[in-house]
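J.: Supplied in structure tokens, the structure appears directly below.
The values are calculated or read from the model by the stated rules, or taken from the named source; none is laboratory data. Source: prediction; values computed, not measured. Here the Cβ is made from the backbone with ideal geometry for all residues, glycine too, and neighbour counts use every protein chain on show.
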Amino acid sequence: MKLTQILKELKWEASALEMCMNDMVPLTLSIVKQLVETKRTNAFHITDVDNLPKLISLEGKSKSISAFNKTANISIGPITGDGMWTRGGILVLVSGIVLAESVQDLWSKPDKSGIRWVNPGNAFYKEFNEENQIIDFAPQLKPLKEKWEQFTSSYNQIHNKYPDLSNEEKHYFIKTYIDTAYKLMIKNKQSFQDKYINSNYLSSRANWNELVISKIKVEKIAVIEDSRGMRKDGSMNPDKELINSIKKKYQNVEVIKTKDISSFMKKHGVLIVN
């Protein structure tokens, strides 16, 4: 695969530069296909009523989402129906192509184009650690990183002393960084395969796992009627009007209660660890 294909997927968003500067690697379908024989699986994603349309709009597209299929049976996290970055209240069963899977949270981050990035150490093993970052294999980028760090420093936000990278420098940094990351990922693909294939349990240190999946299909939507995300403003009561509107707008909608989340997840293949 040509590097230009990877760069095309990243769409040159400004946040792609930030991800590179933060020593992360992009998980695109074209890259992962070079590392493993991809698989399709079911997983859950928690969202709220405001973000549900955005999730639906990703069906069949290359943009990826974070999901889970293993969770601890505790009073925080997915088992409660609360979202990490949203109000929660809507549990969505999706199927998709797995770009990465871990026995714990990968802490993936999306850029503005919808590509998810991960810390190399979370997706691989010892070949990528804190003393061995991507940029160490492309030392010509270090002066540009130092320049960028000066520009983005809190000192510079006040004194405006250091200039930003030029567009040419940004383009060169992203291109060279991703080229280097891609070569290292291919070189160490056995480590990626080990994590990708051997993720059929939940780490004792984790409350849930993470899958990064692409080309999603929404299989079922569970509205948790007594959740925080489904309450009327300033009330403890479910917003029946809102719930009915969701049922009318989308297919395969089921209304459940918080006490039903565990059994609903198990029914659809989630491993719940006590």
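J.: If you go through the stretch 139-151 one residue at a time, do you hit one that is under 26 Å from the mean Cα position of the chain (by Cα), over 25 Å from S62 (Cα atoms) and either among the aliphatic types (A, V, I, L, M) or surrounded by fewer than 14 Cβ atoms within 10 Å (Cβ to Cβ) (or both)?
T.: Applying the first criterion (under 26 Å from the mean Cα position of the chain (by Cα)) to the stretch 139-151 yields 145, 148-149.
Restricting the remaining residues to those that are over 25 Å from S62 (Cα atoms) gives 145, 148-149.
In the following step, the residues that additionally are either among the aliphatic types (A, V, I, L, M) or surrounded by fewer than 14 Cβ atoms within 10 Å (Cβ to Cβ) (or both) were identified as 149.
Scanning the stretch 139-151 turns up at least one residue that is under 26 Å from the mean Cα position of the chain (by Cα), over 25 Å from S62 (Cα atoms) and either among the aliphatic types (A, V, I, L, M) or surrounded by fewer than 14 Cβ atoms within 10 Å (Cβ to Cβ) (or both).
J.: Tell me, please, whether a residue that is within 24 Å of K257 (Cα to Cα) and of a type in the set (F, W, Y) can be found in the stretch 195-208. Step through it out loud before you land on a result.
T.: Narrowing the stretch 195-208 to residues within 24 Å of K257 (Cα to Cα): 207-208.
With the extra rule that they be of a type in the set (F, W, Y), the set shrinks to 208.
Looking through the stretch 195-208, at least one residue is within 24 Å of K257 (Cα to Cα) and of a type in the set (F, W, Y).
J.: Output the helices (runs of 4 or more DSSP H) that fall wholly within the stretch 159-264 and possess 1 or more residues being within 22 Å of the chain's Cα centre (by Cα) and farther than 22 Å from D105 by Cα, or say none.
T.: Counting at least 1 such residues, we get 167-187.
J.: Moving on to the next point. Suppose we filter the stretch 113-158 for residues that are among the hydroxyl-bearing types (S, T, Y), in a loop (DSSP other than H, G, I, E, B) and at pLDDT 90 or above; how many remain?
T.: Number satisfying all stated conditions: 2.
J.: Continuing with this model, one more query. Just to be sure before I move on: is E225 surrounded by fewer than 18 Cβ atoms within 10 Å (Cβ to Cβ), of a type in the set (D, E, K, R) and at pLDDT 85 or above in the structure I sent?
T.: Numbers: surrounded by fewer than 18 Cβ atoms within 10 Å (Cβ to Cβ): no; of a type in the set (D, E, K, R): yes; at pLDDT 85 or above: yes.
No.
J.: Please go through the stretch 159-205 and give me each residue that is within 20 Å of V273 (Cβ to Cβ) and touching a Lys or Arg at 6+ places or on another chain (Cβ under 8 Å), ordered by number.
T.: Of everything in the stretch 159-205, those that are within 20 Å of V273 (Cβ to Cβ) and touching a Lys or Arg at 6+ places or on another chain (Cβ under 8 Å) turn out to be Y201, L202.
J.: Working only within the stretch 204-222, note down all residues that are modelled with pLDDT under 85 and either over 18 Å from F44 (Cα atoms) or loosely packed, with under 15 Cβ neighbours inside 10 Å (or both).
T.: S204, R205
J.: Of the residues K257, K220, K215, which single one is in contact with a His (Cβ under 8 Å, 6 or more places away or on another chain) and among the basic types (K, R)?
T.: Exactly one residue qualifies, and that residue is K220.
J.: Is there a residue being touching a residue at least 60 places away in the same chain (Cβ under 8 Å), in contact with a Phe, Trp or Tyr (Cβ under 8 Å, 6 or more places away or on another chain) and of a type in the set (F, W, Y) anywhere in the stretch 177-189?
T.: No, the stretch 177-189 has no match at all.
J.: Now a separate question. Based on what the data block shows, is L99 among the hydrophobic types (A, V, I, L, M, F, W, C) and modelled with pLDDT of 95 or more?
T.: No, not satisfied.
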